[in-house]
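Nothing in this text is a laboratory measurement; each read-out follows from the coordinates by a stated rule. Model, not experiment: these values are computed from the prediction. Please note: Cβ atoms are built from the backbone with ideal geometry, for glycine as well, and neighbour counts cover all protein chains shown.
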Amino acid sequence: MNNGKIKASIGKVLKSLRIKQNLSQEDLAGICQVDRSYISMIEVGRNEPSVTKIFELCTGLKIKPSDFLRLVEIEMEKYTNIDQKQK
């Protein structure tokens, strides 16, 4: 499994959920008590949050961690399907 694809999937899901809740990066960062740049780095796939931080982000987004990870898994499947089509 490609680590870059995992980080990209986490970032896409985080950004999508944040936008759906009309939260800015600054808003979510304040709720989770992290720097805005940390949220930005996750969203662009340049930072990989720890399990603890995923739980904190999910609390801030009012979503169960299991639901968040399910969405990440769905996003990962898109990458897998693209890779298979390119072969």
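Quick notes on this structure:
- Of residues in the stretch 43-60 being assigned to a helix (DSSP H, G or I) and charged (D, E, K, R), the one nearest to the chain's Cα centre (by Cα): Glu43
- Positions within the stretch 22-53 being out of contact with any Ser or Thr (no Cβ under 9 Å at 6 or more places or on another chain), under 22 Å from Lys5 (Cβ atoms) and either touching a residue at least 40 places away in the same chain (Cβ under 8 Å) or among the small types (Gly, Ala, Ser) (or both), in sequence order: Ser40, Glu48, Ser50
- Scanning the stretch 29-53 for residues that are surrounded by 14 or more Cβ atoms within 10 Å (Cβ to Cβ), within 14 Å of Ile10 (Cβ to Cβ) and either basic (Lys, Arg) or in contact with a Leu (Cβ under 8 Å, 6 or more places away or on another chain) (or both) returns Ile39, Ile42, Glu43, Pro49, Lys53.
- Residue check, Ile63 part of a helix (DSSP H, G or I) and either of a type in the set (Asp, Glu) or out of contact with any Pro (no Cβ under 6 Å at 6 or more places or on another chain) (or both): no
- Within the stretch 13-39, the set of residues being charged (D, E, K, R) and part of a loop (DSSP other than H, G, I, E, B) comprises Asp35 only.
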